[in-house]
Amino acid sequence: MKKLILILLFSYTSFLCSAQSSVDEGLAFQYYQQGQYQEASVLLEKLFNATKNDTYFDLWYTSLIKLKKLDEAEKIAKKLIKQNPKNLHYTMALARVYQEKGQIDAANKAYSETLNNLPADEFKIREVANIFYSFQAYDLAISTFLQGRKMLNNEKIFTYELLSIYRFKKDKNMLVQEYINALAQMPELLLQAESVLSSIFEDNADYLILQAALLKKIQKEPQTEIYTKLLIWQYLQQQEYEMALRQLIAQDKRVKDDGAILFNTANTFIANQAYTTAIKAFEYIVSKGKENPYFLPAKVEMIDAKYQLVITGQFDKKAITDLATEYGSIIDEYGKTAQTVFAMKKLANLQAYYLNDLPKAEKTLEDALTITGLSAAETGQMKLDLGDIYILTQQPWEAFLIYEQVAKQFENQAVGNEAHFRSAKLSFYQGSFSYAKSQADVLKASTSQLIANDALNLSLMISDNLQSKVDSNALKMYADAEMLQFRNLPAKALIKLDSIAIAFPNNSLTDDILMAKSRIYIKTNEINNAIKVLKELIDQQGTSLWADDALFTLADLYEKNLKNNEEAKALYQKLISDYPGSMFTTEARKRFRKLRGDNIGT
C-alpha cells in the first residue's frame, strides 16, 4: 500500500512539473514573439536548464543578444562549450557573440571551427545550416551546405535548400548555376526554374547571364536536351524568336521529333505577333511530308500566319494574291464544308478589303452561309461580315436588313449587340447622326464592355459635334473619312481627315481626328507616325474622351512594337493614376505589374 502511494505521488508530481513546463513554454514563446525579451529570457533559461533542449537554447541566446547582454552571452557559451565541446550550437553561439561585438577575426575563427568539425551526417549538416540561416548568416548557411556536399560526396543533395537561399538573396549568378547543375539529373525542376527565374530576373542583362551559362554547358554536353529546352525558353522570354526557332529546329533534328514541340511553340510566336518566324516554323513542319501528324494543322496555321501579316500591313499585293490562292486550294481540295469555312471567311476578307474584288467576296460569303452544320453564332458572325460587304458594294439597305436580322435573332447576346452597333455605324456613315446616336444610346447599357464603350464614344462624339453648323459639316467629313477607312483605303482616309481642319477651321473634332489617324497608322504599320499623333492627343487634349484610349494604345505600342518596357510602364502608371474609371485600367494595372516583374497569379 505504501509503495502504491509513493508511485501515485511521483506520478502526480511529474504531471504537475509537466503542466508547469507547458505553461512556461507557452509564455516564453509568447513573450519572444512579442519582443519582450527580458521576460522570455528568464523562462527560456529555466526551460533550457531543465531539458538541455537546443531549441530553448537558441531562443534564450537570441533574447540575450537582443537585450545586448553580450558579455553574459559570451560567458554562457564558453561554459557550455567546456561542458559539451561536440555540440556545435554552442560554438556557433560564441561566434555569433564575437560578431555582435565586432570581433570579426574571433568570429570567423569560431565559424571555421564549426565548418571544419561538421560531421558527415546529413541531418546535422542541415541543422547547422538552418542555425546560420536563423540569424541571417546566409553565406555561412551556403558554405555549410556546400561543405556537406563534399563530405557526403553527393552533388545533388541540398539542391532545394541552396536554391531557396540563392533566391532569397537574389543571387542571380548562383541561382542560375545551381539550376543548371541540377537540371541534368533532376529535369523535373525545369518548370520551377522557368517560374523562379522569370520572377527574379529584372532586365535583359539577367537573361544574358542565363544564356551565357547555358551556351557554355551545351558546348560541353550537347546531348543533354534539358539545357536546350531552357535556352529556348530564355530566347522566348527575350523575344528573340529567330534564335528560339533555330534551337527548336536543331533539337527537332537531333531527337527526330514529330514536330509537336515546334508546332506548339510556333503558336507562341503567333501569340506574340512574330508571324514571320511562325511561318518559318510551320514551313519546316510541312516539309516533313504529308505523313506527319502535324502536316495539315501546320499548313493551315502557316496560311493563317500569312493572313495575320496581311491585316497588319506587312504583305505586298502579290503575296496577298498568293495567299488568296492558297485559301482557294484548301477549299478546292477539301470542299465547302464546316471544316473549311474558316478558309472561306478569310478568303472573302482578302477579296473584299485587299484585292478589291467585291463581287467574289460577296459570293464567297453567300456560299459559306449555305453550308450545313455551322453553329448559330458562326452563321450570325458571317452575316455581319456579309452586311459589311453590302456597304462596300453600295447596298446599304441590304446591309441594314441583315444587321437587323442578326440583332433580332441574337437579342441581348454579343453577336446581336455587335449587329446593333454596326447598324448605328452605317447610319453614321450615311450622315443620319440623330438616328445613329439613338441606337448608340441604347447600346451604352450593353453587357459587353467593349460594345458599350464604343457606343458611348459614338454617342458622345455625335452630341459634342452637332453644336454648330461648322461642327456638323466637319462631322460629315469625318464620317466620310471613317467610311474610307472602313473600305480599307487608308491613304484617302488620311487625306480626308487632314482636309477637315482646312475646310472648317476651329472645329471641335481635333481629338477624334488624331485618334482616327493613330488607328490608321497602326493598321498600316507606321508606328512612329502613330506615336506622334497619340502623344499630341495626350499632351494637348488631356480632357478628351479619347485620352485614356490614347494612353493605353501608346503604352501598348511601346511595350509590343518598340520593346521599350520602361516607357510603357510609365504610361500604364499614368493611365492608372489619371483615369481610374477607364475600362483600360484593369488591363493597364495587370501589364504594369508584369513589366515591373511581379509574379502574377501567386
Practice problem: Inspect all residues belonging to the stretch 583-599 and state whether any of them is at positive phi and open to solvent by less than 30 Å² (accessible area, probe 1.4 Å). | Solution: yes
Exercise. Among the residues of the stretch 135-159, count how many are outside any loop (DSSP other than H, G, I, E, B) and over 34 Å from the mean Cα position of the chain (by Cα).
Key: 11
Quiz prompt | Those residues of the stretch 27-47 which are under 13 Å from residue 72 (Cβ atoms) and of a type in the set (Asp, Glu), in sequence order | solution = 45
Quiz item: Do you know which of the residues in the stretch 70-98 that are over 17 Å from residue 140 (Cβ atoms) and among the β-branched types (Val, Ile, Thr) is surrounded by the most Cβ atoms within 10 Å (Cβ to Cβ)?
Solution: 76
Exercise. With respect to residue 461, determine if the residue is in contact (Cβ under 8 Å) with a residue 40 or more places away in the chain and either within 14 Å of residue 513 (Cα to Cα) or not in a helix (DSSP H, G or I) (or both).
Key: yes
Exercise. Name, by its number, the condition in (1) of a type in the set (D, E, K, R); (2) closer than 23 Å to residue 123 by Cβ; (3) touching a residue at least 12 places away in the same chain (Cβ under 8 Å) that does not hold for residue 52.
Key: (3)
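Results for (1) surrounded by 14 or more Cβ atoms within 10 Å (Cβ to Cβ); (2) among the small types (Gly, Ala, Ser); (3) within 45 Å of the chain's Cα centre (by Cα); (4) in a helix (DSSP H, G or I), shown as yes or no for each residue.
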site: 38; (1), (2), (3), (4): no, no, no, yes
site: 58; (1), (2), (3), (4): yes, no, yes, yes
site: 61; (1), (2), (3), (4): yes, no, no, yes
site: 111; (1), (2), (3), (4): yes, no, yes, yes
Quiz prompt | Qualifying residues in the stretch 346-373 (those that are open to solvent by 40 Å² or more (accessible area, probe 1.4 Å) and β-branched (Val, Ile, Thr)) - the one nearest to residue 321 (Cα to Cα) | solution = 370
Quiz item: How many of the residues in the stretch 421-452 are open to solvent by 30 Å² or more (accessible area, probe 1.4 Å), of a type in the set (S, T, N, Q) and not in a loop (DSSP other than H, G, I, E, B)?
Solution: 3
Quiz item: Do we find that residue 135 is of a type in the set (Phe, Trp, Tyr) and either over 25 Å from residue 91 (Cα atoms) or free of Cβ contacts under 8 Å to residues at least 60 places away in the same chain (or both) in this structure?
Solution: no
Practice problem: Starting from the stretch 284-313, take each residue that is closer than 27 Å to residue 487 by Cα and in contact (Cβ under 8 Å) with a residue 60 or more places away in the chain and list its partners that are open to solvent by 50 Å² or more (accessible area, probe 1.4 Å) and of a type in the set (D, E, K, R), counting only C-beta distances under 7 angstrom and pairs at least six apart or across chains. | Solution: 313/523
Exercise. From (1) farther than 27 Å from residue 469 by Cα; (2) free of Cβ contacts under 8 Å to residues at least 24 places away in the same chain; (3) charged (D, E, K, R); (4) buried (at least 17 other Cβ atoms within 10 Å of the Cβ), pick out the condition that doesn't hold for residue 517.
Key: (1)
Exercise. State which residue is surrounded by the fewest Cβ atoms within 10 Å (Cβ to Cβ) when the search covers only the stretch 202-229 and only residues that are in contact with a Leu (Cβ under 6 Å, 6 or more places away or on another chain) and among the aliphatic types (A, V, I, L, M).
Key: 226
Practice problem: Report the residue count in the stretch 169-185 for those that are in contact with a helix residue (DSSP H, G or I) (Cβ under 7 Å, 6 or more places away or on another chain) and either open to solvent by less than 70 Å² (accessible area, probe 1.4 Å) or within 18 Å of residue 134 (Cβ to Cβ) (or both). | Solution: 10
Quiz item: All but one of (1) open to solvent by 20 Å² or more (accessible area, probe 1.4 Å); (2) at pLDDT 95 or above hold for residue 384; which doesn't?
Solution: (1)
Self-check item: Residue tally, condition part of a loop (DSSP other than H, G, I, E, B) and open to solvent by less than 60 Å² (accessible area, probe 1.4 Å), over the stretch 545-563
Solution: 2
Quiz item: In the stretch 564-575, which residues are in contact (Cβ under 8 Å) with a residue 12 or more places away in the chain and either surrounded by 19 or more Cβ atoms within 10 Å (Cβ to Cβ) or in a loop (DSSP other than H, G, I, E, B) (or both)?
Solution: 568, 569, 571, 572, 575
Quiz prompt | Boolean, residue 249 is in contact (Cβ under 8 Å) with a residue 24 or more places away in the chain, open to solvent by less than 30 Å² (accessible area, probe 1.4 Å) and part of a helix (DSSP H, G or I) | solution = no
Practice problem: Scan 104, 131 and give me the residue that is under 25 Å from residue 165 (Cβ atoms), surrounded by fewer than 17 Cβ atoms within 10 Å (Cβ to Cβ) and either within 46 Å of the chain's Cα centre (by Cα) or polar (S, T, N, Q) (or both). | Solution: 104
Quiz item: Are any of the residues in the stretch 536-552 farther than 30 Å from residue 472 by Cβ and aliphatic (A, V, I, L, M)?
Solution: no
Quiz prompt | Boolean, residue 141 is within 22 Å of residue 87 (Cβ to Cβ) and open to solvent by 40 Å² or more (accessible area, probe 1.4 Å) | solution = no
Exercise. Could you check residue 213 against (1) in contact with a helix residue (DSSP H, G or I) (Cβ under 6 Å, 6 or more places away or on another chain); (2) closer than 29 Å to residue 127 by Cα and say which number it fails?
Key: (2)
Quiz item: For the stretch 230-268, which residues satisfy the criterion of being within 17 Å of the chain's Cα centre (by Cα) and under 22 Å from residue 296 (Cβ atoms)?
Solution: 265, 267, 268
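The values are calculated or read from the model by the stated rules, or taken from the named source; none is laboratory data. What you see is a predicted model, and the numbers here were worked out from it, not measured in a lab. Heads up, the Cβs are rebuilt from the backbone with ideal geometry, glycines too, and the neighbour counts pull from every protein chain shown. Surface accessibility is based on the protein's heavy atoms, side chains included, excluding ligands, DNA and RNA. Shrake-Rupley method; radii C 1.70, N 1.55, O 1.52, S 1.80 Å.
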